[in-house]
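Q: Below: one structure in structure tokens.
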Amino acid sequence: MLKTHKNERNGHFARAVQRLKDERRYRVFIDLERDASRFPTALWRPDDGEAPRDVTIWCSNDYLGMGGHPAVRAAATSAADRHGAGAGGTRNISGTHHRIVELEEEVADLHGKEAGLVFTSGWISNLAGISTIASLMPNCLILSDALNHNSMIEGVRRAGCEKQVWRHNDVAHLEELLKAADPSRPKLVVFESLYSMDGDIAPIGQIVDVAERHNAMTYIDEVHAVGMYGARGGGISERDGLAHRIDVIEGTLAKGFGSLGGYIAGDSVVVDAVRSYAPQFIFTTTLPPMVVASACAAIRHLKESQVERDGHQYMASVTKHALEAAGIPVKDNPSHIVPVMIGNAERCKAASDLLLRRHDIYIQPINFPTVAIGTERLRITPTPRHTEAHVSYLVEALVDVWKTLELPFTSARILPLRRKAPVVDCVYPEMRKAAE
């Protein structure tokens, strides 16, 4: 009888998973082993018994390759040797280890704010930051951009406040909603600086102008921009000279900085309120010193170094132009994101599979619900560790895939397929010998 009940329960889960498979939304994760000295090369272990082999990663969010930077790796190993592997518990119970105090000072300084607060991930920092800030303002109205990330949407839901969604990057619509609201009512405008699927950038200056006119608090997600934009890596708001006008800046340590964690930065009283009320902060074990030390090292390095940002922008530009010249449909945008549009879930997955199995290139397919049905794509993210040889082979492989699947080109230009690109020179001189 017990076994029968268990089978009945498990049937619910099996049917739920099958629905995803039927809708072509079931996610498949491949077994990859990153190699810090050879990134973007990684070792792929197929699940069908084939021998492991090298592949080139073209969809990593380690945008600058900082996860493998010698200074970052050295900081992590030194901290692990000195402090151990873990943090010992929550900060509320086990205390705040000094490394995280240093990190919070670094993120506050990065954005020119009074204080910073570090969380276990960028997803959690948005959930905690938005929900806590809004819930502490009586009768708060949240105004959210229509294409905000899932973590921001969950933060809005968790707040339990009234919300209004404004059309993506439509400042006139935002102002229309703000004008209709009670002038004395607390309001929180939440938006991203750089939207990671389309690669478009918010009109931050106009949004801040409107928010200030209507006495609304602003909260910006700089997750896909910190490290990569601005003179010190403070993101689009720093690049555009607007960080001082934004109330709360949220970022991640897991993308441009190549580590793990998320954070908010703002006025000390706001940050202290989140620290004091957010259950996502209070009841969660803090990041271990070795992770925090690696993030700190990356931030400090990128505050001083422009080499990685210049290399990143160069490779993004080279990749876009090469794909466009070959007739591969790239969605135009002003950022480092390279969306290659396919528009069909099954074909998108098939393109990804062909790239991996035939060409040893890994690009994860992006399907619904991450993007709208009919806008499925391959999301390519060049890094400074990619080379022109990598780009050349990527273009030729994509042309082969487009021909095989009979996907539409944007031009008649078809390039011949050549050999796989070698692992060649990389940004960090210390790694050249290992990469050869």
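The values are calculated or read from the model by the stated rules, or taken from the named source; none is laboratory data. Predicted, not measured: the structure shown is a model, and the values here were computed from it. Positions of Cβ are backbone-derived with ideal geometry, glycine not excepted, and every protein chain shown enters the neighbour counts. Accessible surface areas use protein heavy atoms only, side chains included; no ligands, DNA or RNA. Shrake-Rupley method; radii C 1.70, N 1.55, O 1.52, S 1.80 Å.
Q: For each pair in Lys303/Lys331; Lys179/Lys303; Lys163/Lys303; Lys163/Lys349; Lys21/Lys403; Lys113/Lys255, compute the distance between the two Cα atoms and list the pairs where it is over 28 Å.
A: Working: Lys303/Lys331 31 Å; Lys179/Lys303 39 Å; Lys163/Lys303 36 Å; Lys163/Lys349 35 Å; Lys21/Lys403 26 Å; Lys113/Lys255 21 Å.
Too far apart for the 28 Å limit: Lys303/Lys331; Lys179/Lys303; Lys163/Lys303; Lys163/Lys349.
Q: Further, regarding this structure: Placing +1 at every Lys and Arg Cβ and -1 at every Asp and Glu Cβ, with all other atoms neutral, what dipole size does the chain have around its Cα centre, in debye to the nearest 20?
A: Working: 50 positive and 54 negative charges, 256 e Å.
In debye, rounded to 20, the chain gives about 1220.
Q: For a quick check: with amide H placed at 1.01 Å from N, whose amide H comes under 5 Å from Thr90's, ignoring anything fewer than 5 positions away on the same chain?
A: HN-HN under 5 Å from Thr90: Thr286.
Q: State in Å² the accessible area per residue of the range 1-67; use a 1.4 Å probe, count heavy atoms of protein chains only, and round to the nearest integer. Don't skip to the end; give the middle numbers.
A: Numbers: 4400 Å² over 67 residues.
Accessible area per residue, the range 1-67: 66 Å².
Q: While we're looking at this one, here's another question. Could you list the residues of the range 258-281 with an amide nitrogen less than 14 Å from a label point located 7 Å from the Cα of Thr90 in the Cα-to-C-beta direction?
A: Residues 275-281 fall inside that zone.
Q: Could I ask something else about it? In a Gaussian network model over the chain where Cα atoms closer than 10 Å are linked, find which of Leu398, Leu242, Leu117 has the largest mean-square fluctuation.
A: Answer for the Gaussian network model of the chain: Leu242.
Q: Using DSSP to call loops (not H, G, I, E or B), can you name the trypsin sites (Lys or Arg not before Pro) in the range 231-317 whose Cβ has at most 11 other Cβ atoms within 10 angstrom?
A: Taking the range 231-317 and a limit of 11 other Cβ atoms within 10 Å, no loop trypsin sites (Lys or Arg not before Pro) are found.
Q: What list of ³J(HN,Hα) couplings, whole Hz, do you get for the range 56-73 from phi and the Karplus terms 6.51, -1.76, 1.60, once you set θ to phi - 60° and write x for glycine and proline?
A: Each residue's phi maps through the Karplus curve to give 9, 8, 10, 9, 6, 8, 7, 4, 9, x, 5, x, x, 5, x, 5, 6, 5 Hz.
Q: Expected output is a single nm value to one decimal: the length gained when fully extending between Glu102 and Asn61, i.e. 0.36 nm times separation in residues minus the C-alpha distance. What is it? Don't skip to the end; give the middle numbers.
A: Numbers: separation 41, 0.36 × 41 = 14.76 nm, distance 2.45 nm.
The span from Glu102 to Asn61 would gain 12.3 nm if fully extended.
Q: Averaging the inverse of every distinct alpha carbon separation and then flipping it gives the Kirkwood radius. What is it for the chain, in angstrom units? Let's see the in-between values first.
A: Values: mean 1/r = 0.0432 Å⁻¹.
It works out to 23.1 Å.
Q: Ranked from highest to lowest mean number of other Cβ atoms within 10 Å per residue, what is the order of the peptides 377-386, 402-411, 93-102?
A: Numbers: 377-386: 24.8, 402-411: 13.5, 93-102: 15.3.
With the highest mean Cβ count within 10 Å placed first, the list reads 377-386, 93-102, 402-411.
Q: Between Asp47 and Gln206, what is the FRET efficiency for a Förster distance of 60 Å, r being their Cβ-Cβ separation, to the nearest 0.05?
A: Numbers: r = 49 Å, r/R0 = 0.81.
Between Asp47 and Gln206 the formula returns 0.80.
Q: Ordered by residue, what ³J(HN,Hα) values in Hz, to whole numbers, does the range 368-383 give under the Karplus form 6.51 cos²θ - 1.76 cosθ + 1.60, where θ = phi - 60° and Gly and Pro are x?
A: 4, x, 4, 10, 5, 4, x, 10, 4, 7, 9, 9, 9, 10, x, 10
Q: Leaving out ligands, DNA and RNA, and with a 1.4 Å probe, what % of the accessible surface on the range 164-263 is carbon or sulfur?
A: Numbers: 1560 of 3190 Å².
So the carbon and sulfur contribution to the accessible surface is 49 percent.
Q: What are the residues whose amide H is under 5 Å from the amide H of Trp166, where those residues sit 5 or more places off or on another chain and H is modelled from the backbone?
A: Those qualifying (amide H under 5 Å, at least 5 residues apart or on another chain) are Ser144, Asp145, Ala146.
Q: Can you give the local net charge around Met66? Use residues other than it whose beta-carbon is closer than 12 angstrom to its beta-carbon, Lys and Arg +1, Asp and Glu -1. Before the final figure, lay out each step's value.
A: Numbers: positive: Arg73, Lys255, Arg300, Arg309, Arg385; negative: Asp62, Glu308.
After counting each charged neighbour, the total is +3.
Q: Suppose the chain between Gln313 and Ala372 were pulled fully straight at 0.36 nm per residue; how much longer would it get relative to their current alpha carbon spacing?
A: Values: separation 59, 0.36 × 59 = 21.24 nm, distance 2.74 nm.
Full extension of this stretch gives 18.5 nm more.
Q: For the range 177-184, what does the Karplus curve 6.51 cos²θ - 1.76 cosθ + 1.60, with θ = phi - 60°, yield as ³J(HN,Hα) per residue in whole Hz, taken in order and with x for Gly and Pro?
A: Couplings: 5, 5, 4, 6, 7, 4, x, 8 Hz.
Q: Restricting to the chain, compute how many DSSP beta bridges are antiparallel as a %, nearest 5. Don't skip to the end; give the middle numbers.
A: Working: 27 of 46 bridges.
If we restrict to bridges inside the chain, about 60 percent are antiparallel.
Q: About the Cα centre of the range 28-138, what is the dipole size in debye to 20, counting +1 per Lys and Arg Cβ and -1 per Asp and Glu Cβ, all else neutral?
A: Numbers: 9 positive and 15 negative charges, 42 e Å.
Using Cβ point charges on Lys, Arg, Asp and Glu, the range 28-138 gives about 200 debye.
Q: Between Asp109 and Asp31, what is the FRET efficiency for a Förster distance of 30 Å, r being their Cβ-Cβ separation, to the nearest 0.05?
A: Working: r = 39 Å, r/R0 = 1.30.
FRET efficiency, Asp109 to Asp31: 0.15.
Q: On to the next question. The range 273-303: which chymotrypsin sites (Phe, Trp or Tyr not before Pro) are DSSP loop and have at most 14 other beta-carbon atoms within 10 angstrom?
A: On the way: sites: Tyr277, Phe281, Phe283; in loops: Phe283.
Answer by residue number: Phe283.
Q: At q = 0.17 Å⁻¹, what base-10 log of I(q)/I(0) does the Debye formula yield for the range 345-408 when every alpha carbon is treated as an equal point scatterer in vacuo?
A: Reported log10 I(q)/I(0), two decimals: -0.60.
Q: Please report how far the C-alpha centroid of the range 191-254 lies from that of the range 1-52, rounded to the nearest whole angstrom.
A: 36 Å
Q: Could I ask something else about it? Add +1 for every Lys or Arg and -1 for every Asp or Glu among the other residues with Cβ under 11 Å from the Cβ of Gly205, and state the total.
A: Details: positive: Arg245; negative: Asp209, Glu212, Asp240.
For residues surrounding Gly205, the net value is -2.
Q: Still on this structure, I have one more. Please list, in chain and number order, the residues 5+ apart from His69 or on another chain whose amide H is under 5 Å from its amide H, with Hs placed from the backbone.
A: Residues meeting the amide H criterion: none.
Q: Among Phe13, Gly84, Gly251, pick out the residue whose Cα is farthest towards the positive end of the charge dipole of the chain, where Lys and Arg carry +1 and Asp and Glu carry -1 on C-beta, about the Cα centre.
A: Phe13
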